[in-house]
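Have a look at the structure below, then the notes.
The values are calculated or read from the model by the stated rules, or taken from the named source; none is laboratory data. This is a predicted model, so every value here is computed, not measured. Methodologically, a virtual Cβ is constructed for each residue, glycine included, from the backbone with ideal geometry; neighbour enumeration extends over all protein chains shown.
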Amino acid sequence: MRRTCLALLAASLLAGCANVGVKPWERDVLARDDMQLDSNALDAAIDDHIYFSKEGTSGGRGFGGGGCGCN
Amino acid sequence: MRVQLIMADKDLKIGAALTAATCSLLGIAAPTTAFAADPDAKWDVDSALLYYGESDSRVKDLSLGTHATRDFGDERKLGLDLTVDSLTGASPNGAAASGGAQTFTSPSGRDVYSTPAGKVPLDDTFHDTRVALNAGWSQPFARLYTVSAGLGFSNEYDYQHLGANVGLTRDFNERNTTLSTALAYGQDTVKPVGGIRTPFSLMGDVTGDGDDGGGSVHKNVLDALLGITQVLGRHSVLRLNYSYSDSSGYLTDPYKLLSVVDPVTGELVARTPGGAPGATGLYRYENRPDSRRKQAVYAELRQDFSGKVLQIGYRYSTDDWEVDSHTLESRLRWPLGETSYLEPHVRYYTQTAASFYRYSLASGEPLPEFASADARLADLDAYTLGIKFGHVAPSGNEWSARLEFYQQKSKPPAETLIGTQIGHAQMPDFNAVILQFGYRFKL
Amino acid sequence: MRLLAGGPRPLLRRWMSLLVVVAGLAMAVGRPAAAAAPALDLAAYRGKVVVVDFWASWCKPCRQSIPWLNEMRSRYAGRGLVIVGVNVDAERAAADRFLHQVPVDFELVFDPEGSLATRFGVKGMPSTFVFDRDGKLVDTHLGFRATQKTAREESLQRLLSTSAP
């Protein structure tokens, strides 16, 4: 039941997202380095290493998306 | 101590491997727009020298990390990470502070170390060097898909990790929406110094021959991640992730103990060592479950305000050890002119204690199935405040400096305190300074 | 998913070209002042093979496609190839900085508001629209990949080998 709900939520998010966004030629700001979700990859990796060595939980950041949307 | 620092790490090593490997994948999956002086440069290398130092005589870590990406054209990318770090200093061994001085046998069993009266016991007998290597590859697969795969390896004196991961992303809605999935599997091998302790066995005396027993145990971790990245507008992008993690095998910290105390007064039960020096109190080695299932949701928003970028992230994590946490983190990239920037950073973290967390054990009471006095599994709050400064040279190379302050405060759940502990229970709270110098260049 | 492979329907294509011309004229007439109104008169290129390429300074594959377009122009301009680059940077300064580093040998039109991009139905960056000597849209390319260079050049050669109307 929970899994079905999650799947439906994901599907509706995807469908709902169809009208949100920008045109392909309007991605100038999104293409900037500082707007990439992984812009601080090394810092993030260092921080994650410190925090999960000293705290009880970690991870979850993931990857993919945003950016210039080219090709 | 090195191993203790890493042991909590070990529960989540795959989280690390996944994060590190996916971070390297992140590095190679995202297009860069910095047109450096040499536009044909193929390698983009980011390196950092980091000093992490806790207050008093506690953990100090020095590490050198590099994250390099190589662009093979047409979005095919290779990412390589190499980190070397060296750890010294003392960390809490799980025993509780006591009215009198305490002596413990060191993990190797060859020596003893002591703690003065009234202080939280710290073990300073370890220092270790760790090497970690990650490699990742990503490439397009049909126009809207990207596939990635990676391998990870890390090694230190008593711990080894091997991991592999795969990922897939698919774009929708003219690339305004990206769906991503990733799977990672890790196999870790622990060879505790002094051998594998029987759960809840008592800490004994020094054994002159330093016989390890030499055993090794394993731990496997499976991580899965599902994410959506959505462009909200010309100036903002949102990421939502769901992750699931399943660890099984040896999840206990082989060096951590619990103090055995009087069930009425809460004072440490004394022990007289045999012929050789040894522990002067009753201490039992901890025992954690052999499986841990964790789920987390993460949301991150990046918003541009005329060149300044605000990043806000929130993560909620819950697991079957009952360690639930909330993390709220924010960074603001503030450009200074055309070539420099300032980036303040704040983070707040709070977690609830594991169901089997205990401040100490009461003598005479039946042993619980699982127990740990590791403060990292207690109710705790942590705060980070930091600032980073960066400057891009005309060559396109960037150097940066980052200074952060970290403070961790924990408290034992009232129900685990006994007798006089209620009045004066001490947690090994600490502050730490993080200082990092970074240099990013193209080859 | 709307596909680009076939392009808009034939009648629509003709009307589009006309619309672009009219819009260009209207804008040219209506706004004599500084605001850059993109004018792209495809009718002026009748008899030639026209490649219209939408690019931007922030688009990394565009950076790779421009030297290739320069090369195509130098090889085939004599045989009737015209390349028109449409820049969609919102800020002209960004485009100018890019042009300092990456020279462009073909004609440029600036479309900061994206009106040409909208009319052409640009679905991704970069986007290239190829028109034959009759002014018909015969090919649309989404993105730029080094592996496609040979095939695209061959298709241009085929178009160039047809005689002018």
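Per the listing A:S12, A:S39, A:S58, the residue uniquely assigned to a loop (DSSP other than H, G, I, E, B), modelled with pLDDT under 90 and more than 7 Å from chain B (Cβ to nearest Cβ) is A:S39. Which residues, counting only those in region B:88-112, are closer than 30 Å to A:I46 by Cβ and either touching a Leu at 6+ places or on another chain (Cβ under 6 Å) or in a strand (DSSP E or B) (or both)? Passing the criteria: B:T88, B:A90, B:S91, B:P92, B:N93, B:G94. With respect to the conditions (1) of a type in the set (G, A, S); (2) at pLDDT 90 or above; (3) farther than 30 Å from A:R32 by Cβ, B:S236 falls short on a single one, namely (3). Taken together, the residues in region B:55-68 that are in a strand (DSSP E or B) and more than 9 Å from every other protein chain (Cβ to nearest Cβ) amount to 5.
Here B:L257 does not fit the description of being under 19 Å from B:G109 (Cα atoms) and in contact with a Leu (Cβ under 8 Å, 6 or more places away or on another chain). Count of region B:137-157 residues, restricted to those that are within 12 Å of another protein chain (Cβ to nearest Cβ) and assigned to a loop (DSSP other than H, G, I, E, B), is 3. Every condition in (1) on the phi < 0 side of the Ramachandran plot; (2) within 17 Å of the chain's Cα centre (by Cα) holds for C:A90 except the one numbered (2). Reported count of residues in region B:314-365, each being more than 17 Å from the chain's Cα centre (by Cα), under 17 Å from B:R293 (Cβ atoms) and among the charged types (D, E, K, R), is 2. With respect to the stated conditions, B:V323 fails to be crowded, with 19+ Cβ neighbours inside 10 Å, within 19 Å of B:R358 (Cα to Cα) and either aromatic (F, W, Y) or more than 9 Å from chain A (Cβ to nearest Cβ) (or both). Restricting A:C5, A:C17 to those that are more than 21 Å from B:T327 (Cα to Cα) and either at the interface with chain B (Cβ under 7 Å from one of its Cβ atoms) or modelled with pLDDT of 85 or more (or both) reduces the list to A:C17. Any residue at all in region B:161-184 that's surrounded by 20 or more Cβ atoms within 10 Å (Cβ to Cβ), more than 14 Å from every other protein chain (Cβ to nearest Cβ), closer than 30 Å to B:R284 by Cβ and not β-branched (V, I, T)? Among the residues of region B:161-184, not one is surrounded by 20 or more Cβ atoms within 10 Å (Cβ to Cβ), more than 14 Å from every other protein chain (Cβ to nearest Cβ), closer than 30 Å to B:R284 by Cβ and not β-branched (V, I, T), which makes the answer no.
When B:G281 is tested against (1) modelled with pLDDT of 95 or more; (2) more than 9 Å from chain A (Cβ to nearest Cβ); (3) surrounded by 15 or more Cβ atoms within 10 Å (Cβ to Cβ), just one condition goes unmet, and that condition is (1).
State whether one or more residues within region B:237-260 are part of a loop (DSSP other than H, G, I, E, B), out of contact with any Cys (no Cβ under 7 Å at 6 or more places or on another chain), of a type in the set (D, E) and surrounded by fewer than 23 Cβ atoms within 10 Å (Cβ to Cβ). For region B:237-260, residues part of a loop (DSSP other than H, G, I, E, B), out of contact with any Cys (no Cβ under 7 Å at 6 or more places or on another chain), of a type in the set (D, E) and surrounded by fewer than 23 Cβ atoms within 10 Å (Cβ to Cβ): absent. Could you list all residues from region C:35-69 that are within 22 Å of C:S155 (Cβ to Cβ) and surrounded by fewer than 17 Cβ atoms within 10 Å (Cβ to Cβ)? Those that are within 22 Å of C:S155 (Cβ to Cβ) and surrounded by fewer than 17 Cβ atoms within 10 Å (Cβ to Cβ): C:R46, C:G47, C:P67, C:W68.
Of the listed requirements (1) in contact (Cβ under 8 Å) with a residue 60 or more places away in the chain; (2) assigned to a strand (DSSP E or B); (3) among the β-branched types (V, I, T), B:V120 misses just one: (2).
Residues that are within 14 Å of chain A (Cβ to nearest Cβ) and surrounded by fewer than 20 Cβ atoms within 10 Å (Cβ to Cβ) were ranked within region B:216-235; the one that is farthest from B:R302 (Cα to Cα) is B:L222.
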